[in-house]
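Peer 1: For reference, the structure I am asking about is given below.
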Amino acid sequence: MRRPPGNGEAASEGRGSWGLWGRQEARRLNCAGHDHCGKALLQIGINMMALPGGRHLDSIPLPGQRLHLMQADSVQRWMEDLKLMTECECMCVLQAKPISLEEDAQSDLILAGGPGPGDPLQLLLKRGWVISTELRRIGQKLAQDRWARVHSMSVRLACHARSMVSEYSAVSRSSSQEMSQIEKLLMEKCSELSAITERCLQVENEHVLKSMKACVSETLSTLGQHFGQLLELALTREVQALVRKINASDNIYTTESTTGNLFSLTQEGAPLCRIIAKEGGVVALFKVCRQDSFRCLYPQALRTLASICCVEEGVHQLEKVDGVLCLADILTDDSHSEATRAEAAAVVAQVTSPHLPFTQHLSSFLESMEEIVTALVKLCQEASSGEVFLLASAALANITFFDTMACEMLLRLNAIRVLLEACNDKQRVDTPYTRDQIVTILANMSVLEQCASDIIQENGVQLIMGMLSEKPRSGTPAEVAACERVQQKAAVTLARLSRDPEVAREAVRLSCMSRLIELCRSPSERNSSDAVLVACLAALRRLAGVCPEGLQDSDFQQLVQPRLVDSFLLCSNMEESFV
């Protein structure tokens, strides 16, 4: 199950209701919370300008790598490893450097299994990850004044950089003059770093070492800058080749493979998504989505588009090629598979994410909004799985932030009935991420006076009451945060709807006040969330205005009568009683 992109939660939760939430639960987007994207190799390379302390890539997805390694015999595996590591080993022997016995020697990088022959993209990603990680480690050792380690790692870094340059030159097309110049600068800086760190080993005077340390740091920073530039140029060339291949291909298998490679690149983070958008990736993918002969590839192409549109350049390109109109056509065409329409909904969710400020200027979206909203409500109603419902409801939730007219459209389309009925269907609504989307829509719709009667009619107050008791099942940070958002938005919805006395009386009858008091007084019930506390205090005060007799004197004096800020401070500092 995947999570969607951005609707109203804190932007720190990383791919909004996504932020294309990354798509940890949802394959990639960023809806309902997100931290997805800042791990790209390219970004790490660029960040090395600020060494020591640059960020680094945590992992590189290597499709099929594990299976390949399991099937290879031990000799073949050793030969593959040897090809990549022998230069480093030779350098250690030639310079008479003993194998380190330090505690972190075990963590020295080993590249298990090289990229396949003729695969420059995987070579860049794997070698780039190794080099960026080495740069980060050297920065750490430099900060600790561990000069022996700094030098040995500098030598190894030079080996990896030389290997990347030579191997990429062997498998890629002819190198440009700009790339050749940066390659030369990179290798010069690697040699300079090795030389200066070796001299540092001979120096004992602390004042001299201090001045040399600044020089090493500057050299390391410049080296990281050259590495980032080289990696960006090389990856841009490979992206250009992929885009050209998609544009020129009329073969379904070639297009499928190339689109898959493009999608893998989008998972490396925002910098690569920017490169893909600038080099025509969005245009090429929409070209695929407009050809009937490629219908079976629509889901894959749309999934890639959703990932690219987490950056401003991707959204601008989407608007330039009338992408919103294409999405509307797909969503309203019942001849398309449910999977295709679900992926189109994911793109809509991404480009309308409230956590992406540049999406608010999508003028073309307003022209097709009614068609899209109608199709999304229908998709929610007919969804055969939780993931399809999640993507459709996430798109609707984000649209309610995008334009206020959307709430009126949803009211006319009986969306409240569709959403509340789905809450009782475990096949469609089975996670807090999905309930987060539903309660977001209800909270935004509850500003309309006509909404209250529909909520009462569909037994919505009881469902909202249930959302106040949302609990995580797995205990993962993402799920805990989703549960907090559900509780907060349920309280906000209740506060807004309680302007209607009938809704307020129904809430009191269902013991909502007791639950709100419990959430205020017991930090563990709200996971110590201040946002939930504020929303519950506001809802409690609204209900108390209608039915004050439902409160005990102590609750009224502490939670209702004081200023909101005083009640907040009282509850946020409250110690739980275990008596």
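The values are calculated or read from the model by the stated rules, or taken from the named source; none is laboratory data. What you see is a predicted model, and the numbers here were worked out from it, not measured in a lab. Cβ: placed from backbone, ideal geometry, glycine included. Neighbour counts: every protein chain shown. What goes into the accessible areas is simple: the full protein's heavy atoms, side chains included, and nothing from ligands, DNA or RNA. Shrake-Rupley method; radii C 1.70, N 1.55, O 1.52, S 1.80 Å.
Peer 1: Select from segment 520-558 the residues that are farther than 30 Å from Gly475 by Cβ, open to solvent by 20 Å² or more (accessible area, probe 1.4 Å) and in a helix (DSSP H, G or I) and list them in ascending order.
Peer 2: Within segment 520-558, Arg541, Arg542, Gly545, Val546, Pro548, Glu549, Gly550, Asp553, Ser554, Phe556, Gln557, Gln558 meet the criteria.
Peer 1: Another question, then. Tally the residues that are part of a helix (DSSP H, G or I), open to solvent by 10 Å² or more (accessible area, probe 1.4 Å) and not aliphatic (A, V, I, L, M), restricting the search to segment 447-484.
Peer 2: 8
Peer 1: I would also like to ask the following. Which ones in segment 228-255 are over 24 Å from the mean Cα position of the chain (by Cα) and more than 21 Å from Met164 (Cβ to Cβ)?
Peer 2: Arg244, Lys245, Ile246, Asn247, Ala248, Ser249, Asp250, Asn251, Ile252, Tyr253, Thr254, Thr255
Peer 1: Also: Do we have Ala539 as modelled with pLDDT under 90 and among the small types (Gly, Ala, Ser) here?
Peer 2: Considered against the rule, which asks whether it is modelled with pLDDT under 90 and among the small types (Gly, Ala, Ser), Ala539 comes out as no.
Peer 1: Of the residues Glu167, Glu204, Glu183, Glu198, which single one is open to solvent by 70 Å² or more (accessible area, probe 1.4 Å) and in a helix (DSSP H, G or I)?
Peer 2: So the residue among Glu167, Glu204, Glu183, Glu198 that is open to solvent by 70 Å² or more (accessible area, probe 1.4 Å) and in a helix (DSSP H, G or I) is Glu198.
Peer 1: Continuing with the same structure: Just one of Ala394, Ala346 is in contact with a strand residue (DSSP E or B) (Cβ under 6 Å, 6 or more places away or on another chain), at pLDDT 95 or above and small (Gly, Ala, Ser); which is it?
Peer 2: Criteria check complete, one pass: Ala394.
Peer 1: For segment 305-313, does any single residue satisfy the condition of being surrounded by 20 or more Cβ atoms within 10 Å (Cβ to Cβ) and closer than 15 Å to Thr340 by Cα?
Peer 2: yes
Peer 1: Quick check on my filter: what residues within segment 397-442 are at pLDDT below 90 and among the hydroxyl-bearing types (Ser, Thr, Tyr)?
Peer 2: Once the filter is applied, which keeps residues that are at pLDDT below 90 and among the hydroxyl-bearing types (Ser, Thr, Tyr), segment 397-442 yields only Thr404.
Peer 1: For the condition more than 30 Å from Gln177 (Cβ to Cβ), assigned to a helix (DSSP H, G or I), open to solvent by 20 Å² or more (accessible area, probe 1.4 Å) and not aromatic (Phe, Trp, Tyr), what is the one hit in Gln317, Gln240, Gln300?
Peer 2: Gln300
Peer 1: Then there's this: Provide a single number: the residues in segment 243-266 that are under 21 Å from Val282 (Cβ atoms), part of a helix (DSSP H, G or I) and open to solvent by 60 Å² or more (accessible area, probe 1.4 Å).
Peer 2: 7
Peer 1: Name, by its number, the condition in (1) open to solvent by less than 10 Å² (accessible area, probe 1.4 Å); (2) under 14 Å from Phe401 (Cβ atoms); (3) under 21 Å from the mean Cα position of the chain (by Cα) that does not hold for Leu362.
Peer 2: Condition (3) is where Leu362 drops out.
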